[in-house]
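Nothing in this text is a laboratory measurement; each read-out follows from the coordinates by a stated rule. Here the structure is a predicted model, which means the values were calculated and not measured. Note: ideal-geometry Cβ built from the backbone for every residue, glycine included; neighbour counts use all protein chains shown.
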Amino acid sequence: MDLISNKIFIDPKSKSILLYCLSTVIFLHFLKDVFSFYYVILGIVYFIVLVLFFIEGRLHLAKNSTSVLFLTFYFLIIFSVIYSLQYYLIPLGWNDFFDSKHLFNAASRILIMPTIVFMFGFLIISKKKLDTVIKLYLFFFLLGSLSMIIQQYFGLIEAFGIPRTKRYIGLLPYSSSLGNITVYGSAVGIAILVAAMYTQIKLSTKSILIIFFIVGALLTMQKNSLVNVLIAISFAFIILNFKQKLIFFLYLFSLLLGVFFIFPDLYINLLSLLSNTFGFDIGGTKNYGLYGSILDRFTDRFTGRNWLIEPETLQEIIFGWGLLGGTGTLGLVFDHSDSGMFFALASPHNQLLSLYLIGGILLLAVFLLLTISLQINLYKRYVNSGDLNARIFFYSNFIFFINLIVADGSLFQPFISFIFYLSIYYAIFNRREA
């Protein structure tokens, strides 16, 4: 891989330390809810990296459409933050206003992950460092699974947040070090596929990692988790060659049997998720009161038909509502009473529709063009030069795009979007044109 050669002003060791610090702080994102200084620490790390970047003064982008579209997307995100200032002090509820605290919190949430692309461009100076970042991602994802397993045996760890209400027959779903259970469910398919395709890990180690990821998915008791696992395993089955498939799935099957033997209650979780996802009542585990067709649920999320109303003005269509359009995913809580006294938007439960609410049709269109350009870029790299990292990113992004339709906030949540932004770095900071 031909990475950019920087003028060595900041020595590689310092960059390595900063890369580890940046990745670790990002992966400890759950601390934002329990540690008031989390954003201060994150801000300090970002500030140091930005200052050193400006001192060194070199960051070369590849001359391709992906670079142009990502810069346009990033500019529009910043514009949406500035555009939100016109709503400053607008009432959101009783004794709650869109004040400087809400503005800073929402702006931080929307900018952290897109900005990390430039951080990677400065800090990742070799293929070895890129491998390190991928391994760190898999390691912290493993910790997320382990944190849920530990709580099943020893009870709630308050730092991870309160457990979700038990809706189906099975174990109580606890939050994890990744965040709430919906975060794990939306990200687990990406983690499984990255682990399965990553060539720097032995097959036996991959299988163990993936088994832990699957156990975590079952412990969330989220239908989204099960669907993501099935999609990722299907992708792996298609992508791997016959020998790899045979050995890989033999490992997985053997380990999974061992897990169910050691952890028999997990088998009930599996049956319950299958029943409540696909509608088959297996062993009386289906909750008829809560069950809804998976196709209907997907259609609801895809169209936003239960939450969105017709645009009120041409301004909304073109520019959106700025940070207010991000609703709860950006930390904003609206009063939805019928008093008519407060500003309120409903969450569309769809990241693409949420982008429309944030930045209008322009932001949504640029993002869609960015994803198309990115995938073409990665595909060409793999086909033309056998680039295995591009292959991983290409297939992982498909799972990410599926989750954008059903999981609002995915684009700005660290664990869900990390590989996507790493793939953008890979496409725009590599000298080979695509």
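Rounded to the nearest Å, what's the spacing between the alpha carbon centres of region 118-156 and region 67-116? Just the number, please. The two parts, judged by their Cα centres, are 27 Å apart. Rg over Rh for region 364-410 works out to 1.04, both radii taken from alpha-carbon positions and Rh defined as the Kirkwood radius. Taking only the C-alpha atoms of region 101-245, Rg followed by Dmax gives 17.0, 55 Å. When you count the other C-beta atoms within 10 angstrom of each residue and take the mean per peptide, 150-163, 180-193 line up highest first as 180-193, 150-163.
The ranking of M197, M148, M113 by Cβ neighbour count inside 10 Å, starting from the fewest, reads M113, M197, M148.
Computing FRET efficiency as 1/(1 + (r/R0)^6) for I282 and R167, where r is the C-beta to C-beta distance and R0 is 22 Å, gives about 0.85. Of the residues K206, K15, K128, which exhibits the maximal mean-square fluctuation in a Gaussian network model of the chain defined by a 10 Å Cα contact cut-off? Highest fluctuation of the listed residues: K128. Global size of region 204-291: 14.0, 45 Å for Rg and Dmax (C-alpha atoms, Rg to one decimal, Dmax whole). Only lysines eight or more places from K243 in sequence, or on another chain, were considered; those with a Cα closer than 22 Å are K202, K206. A Förster distance of 30 Å, applied to the separation of the beta-carbon atoms of K128 and Y153, puts the FRET efficiency at 0.20. A crude spin-label estimate for the pair I247 and L111, with each label 7 Å from Cα along the Cβ direction, gives 4.8 nm. Each of I55 and W94 was given a label point 7 Å from its Cα along the Cα-to-Cβ line. The distance between the two points is 5.3 nm.
What the pair-distance distribution of region 49-152 shows, using all Cα-Cα distances binned every 10 Å from zero, is 11, 26, 29, 23, 10, 0 percent. Note on T24, T72: ascending count of other Cβ atoms within 10 Å places them as T24, T72, the fewest first.
Counting only C-alpha contacts under 8 Å and six or more residues apart, can you give the relative contact order of the chain as a whole percent?
RCO, the chain: 24 percent.
Computed extension length for L257-L230: 8.0 nm, one decimal, from 0.36 nm per residue of separation with the Cα-Cα distance subtracted.
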